[in-house]
Each structure stands twice: as structure tokens, then as C-alpha cells.
1. Which residue out of B:Ser194, B:Ser199 is facing chain A (nearest Cβ under 10 Å), more than 17 Å from the chain's Cα centre (by Cα) and touching a residue at least 12 places away in the same chain (Cβ under 8 Å)?
2. So which of B:Val19, B:Val3, B:Val40 is among the β-branched types (Val, Ile, Thr) and part of a strand (DSSP E or B)?
3. Of the conditions (1) buried (at least 17 other Cβ atoms within 10 Å of the Cβ); (2) within 14 Å of another protein chain (Cβ to nearest Cβ); (3) in a loop (DSSP other than H, G, I, E, B), B:Asn120 satisfies every one except a single condition; which number is it?
4. Would it be correct to say that A:Ala43 is surrounded by 15 or more Cβ atoms within 10 Å (Cβ to Cβ), in contact (Cβ under 8 Å) with a residue 24 or more places away in the chain and touching a Lys or Arg at 6+ places or on another chain (Cβ under 6 Å)?
5. Go through (1) in a loop (DSSP other than H, G, I, E, B); (2) surrounded by fewer than 16 Cβ atoms within 10 Å (Cβ to Cβ); (3) not hydrophobic (A, V, I, L, M, F, W, C) for B:Pro92 and report which single condition fails.
6. Can you find, within segment B:148-164, the residue that is farthest from the other protein chains (Cβ to nearest Cβ) among those that are under 19 Å from B:Gly179 (Cβ atoms) and in a loop (DSSP other than H, G, I, E, B)?
7. Could you tell me which residue of segment B:187-206 is surrounded by the most Cβ atoms within 10 Å (Cβ to Cβ), considering only residues that are within 14 Å of A:Asn136 (Cβ to Cβ) and hydrophobic (A, V, I, L, M, F, W, C)?
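Nothing in this text is a laboratory measurement; each read-out follows from the coordinates by a stated rule. This structure is a prediction, so every number in the text was calculated from the model and none was measured. Positions of Cβ are generated from backbone atoms using ideal geometry, with glycine treated the same way; all protein chains shown enter the neighbour counts.
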There are 2 protein chains.
Amino acid sequence: MRVIVPFDGQAPKTRLSPVLDYGERKEFARAMLRDVLSTVRAAGADPLVLSPSAVAIEDCSVCVDERPLSKAVNAQLRAATPAAAVVMADLPLLTERALERLLTSDGDVVLARGTGGGTNALVSRTEDFAVDYHENSYLDHLTAARDVDATLTEVDSYRLATDIDEPDDLAELLLHGDGRAADWLRDSGFRLSSSGGRSAVRRAAVAHESSR
Amino acid sequence: MRVIVPFDGQAPKTRLSPVLDYGERKEFARAMLRDVLSTVRAAGADPLVLSPSAVAIEDCSVCVDERPLSKAVNAQLRAATPAAAVVMADLPLLTERALERLLTSDGDVVLARGTGGGTNALVSRTEDFAVDYHENSYLDHLTAARDVDATLTEVDSYRLATDIDEPDDLAELLLHGDGRAADWLRDSGFRLSSSGGRSAVRRAAVAHESSR
């Protein structure tokens, strides 16, 4: 199945700016994307990076579409009938197994929620369904699927729900991640820290090497 | 299967104190517990509330054990052989289906992670495994299971991962909840609010009724 992976290499992960500078956010976003693409390939699916600006991704097709995200995704969904998936690029905890649960779930529309109300991944098997990404898009995507009488499945997955957007999310990646993005974080000095409740992260000074 | 549900009715949900006063936290914690117990029963399992102090729970067995949580849970796990589960009381998004995935997963030990490194639910089918709840207990429970050569399954579930501990968690409950705890929040004036990123909550004044 074609798996569309939206990725904005120019303005990546702005909500991580309290803990990562611009160059670091670019590197980290790229590491997360590579984790997702590896998982998509491991699951036997066919990734396509969808970017608003030119970007070079090793060993992966890229489609540049300057239109707003939802328009660009809908164009790709229509082009990829009878079925296509959309998986966000900031899901470095995604495993082959979690992705397979998404891709093999029955339904005209299959949705995976993100923390905070977003839609982190979906499958569409009907031309009648269109995406509209925004805050709380998940509830609106549920409604949109019902409005076109699509059969609907919701995938209950922590790994699909855990997009890495905010500093606290980094703790999830340090706890459960083992790919490039988790390695990048650890190499950059991030460690789990105890805060009396949930795990948070702290950053230690690291000796900078000439290249990672 | 016996499902042990630890519940502390005396000092509930202290991390919600920025948004709920003591009496409200008690009511809300009780509503979450009732949601969990309903789901356990709907799944055909046998709930036991485990509390450090006397507490009356409608239609549910209660065991009072003043010892620290892990000791009390381990005593119940040993008493409930050949298999028992532990499910936290602050999981109001739990559905019958998510619980059944936990209870029917193969393995001497089955673990469900919580946001921030905790262990929100588990099944033990071996007397060699003991719990030790603390921050980052999930990683230590993985190690403990391996140390006793238990076969291990990790359940990947957003609904099991989403414990309601902190104010931002309330948004998850408003987004995806439909039980007593979600109703309690809505009746208490909580609404989703847009913050430019993930959904948060705001609280509106509500006309107080004499009883809920």
C-alpha cells in the first residue's frame, strides 16, 4: 500500500524550540522521518514523502506540493486508489507491528488518534473521504467518515498516538525508542529525569564530535 | 480472571490540584474507578478494589491493605493464582475491547505501559513475577519479567496508556471518553480549548446543583 508521509523540512518541530535549536530540530525531525520510513518499508509498504518544498530523502520518492497540507494529502489519496495510508513523520516509536495493525484493519476508513486530538495515521479505501488536518482533526475525521457512510475502524495504539511534538514527549522516546531519533536524543545528551510524577527529560553537556 | 484495581480514596489525584479541589478530586477519582470497574465486569472479569483504607464501593469486593502499594498488590497476585491482572483505577478511557486485548494476550507476564513510564496494567501468570511500582516502573517490570525467564507480551494501547494524572490529560478524556468520569468533567464545566497545538481544557462556570 502507498503510505503518504507528510514532512516539512523547513519549519520542523517548532514546539520543541524550548529544548532544541533550529539546526537540532532539523536533524531530529529528519531522524524521526527516517525511522518512520524504515518502518513503512519493513512492513512491505511503499512510502512517499510529501513536502511543501524541495527536499532530498535517501532512497525514497518525494512529491513536492506547495499547497496547504490537507489539499496536498487529498490529491495524493485520490491518486493512490483503491487504498492509501497517511502516516505522520513524527512517530519514531512506530513499529512494524503497530503499522501492520493500521494497514490491515478492515474499513473504508481506518483512523489512529494522536495525543491531544490530532490524527496521526489513517487508511482510506474510499474516494468519498477527504482529510482536513487541524486541531481536533480526529473527532472531525470520525464525523467525516460517518457523513459519507464509510465503514470505520479506530486503531487503539500508544505507538501511533505518540507523536513527538513537545518537550515532555521526548521522555516517551527515551523510554521506548530504539531507532535513529532515540539515538540522536541520547547522543545529544538527553536523559530521563525523575520529577515525582511522570518521567521528564534533562539535558547534559556532551562532547561535540565533528559529525554524528 | 481476578482483576486487582488499586484505589486510594483518601489522597486522590494530587497532581490535578491546580484544577480540582480536594472534594472534586475525590468525586472525580471515584467516577474514574466506577468506569474501570464497569469495564472489568463487561469483559467478564472479576474486579477487586485494593485500598489502603476502608472504602465502600457499590457492588464490588474491597480488600483493605495498609502496606505500601507494591506489597499489597503482590500479596493479591500470589493469592489469585494461576493468573491475575492489575489495572489502575485512573483509566477511564479503558474499553472492553482494550481490556480484553490485555487479558487474552499470551505470556507469563503481559504489560501495558502508561504515559511517562508507569505500568498501567498487567497480567501475571507466574508466581515468580512481582511488581514494584515507582517512576519508570515499566522498564523495571520488563527487566523483572526477563530476569525470571517469563514469556513476555507488551500490549500497545492508547487507552491503557492514558492514565488521567495531570491537567492536560483531561483533554484526552473530553476527546475520547463517554463514561461517568467524562460526564463528571463536562458537568463540572470543563471544555476542550484550542491552544495552537494540542487540545487543552478550560473550565467554565456552571450552575451548581444540589447533587450530581
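1. Of B:Ser194, B:Ser199, the one residue that is facing chain A (nearest Cβ under 10 Å), more than 17 Å from the chain's Cα centre (by Cα) and touching a residue at least 12 places away in the same chain (Cβ under 8 Å) is B:Ser199.
2. The match here is B:Val3.
3. (3)
4. When the stated conditions are applied, A:Ala43 does not pass them.
5. Here B:Pro92 meets the rest and fails (2).
6. For segment B:148-164, the residue satisfying everything is B:Ile164.
7. In this case the residue turns out to be B:Val201.
Matching residues to (1) among the acidic types (Asp, Glu); (2) over 16 Å from A:Gly116 (Cβ atoms); (3) in a loop (DSSP other than H, G, I, E, B):
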| residue | (1), (2), (3) |
| --- | --- |
| A:Tyr138 | no, no, no |
| A:Thr143 | no, yes, no |
| A:Arg146 | no, yes, no |
| A:Glu166 | yes, no, yes |
| A:Leu175 | no, yes, no |
| A:Asp183 | yes, yes, no |
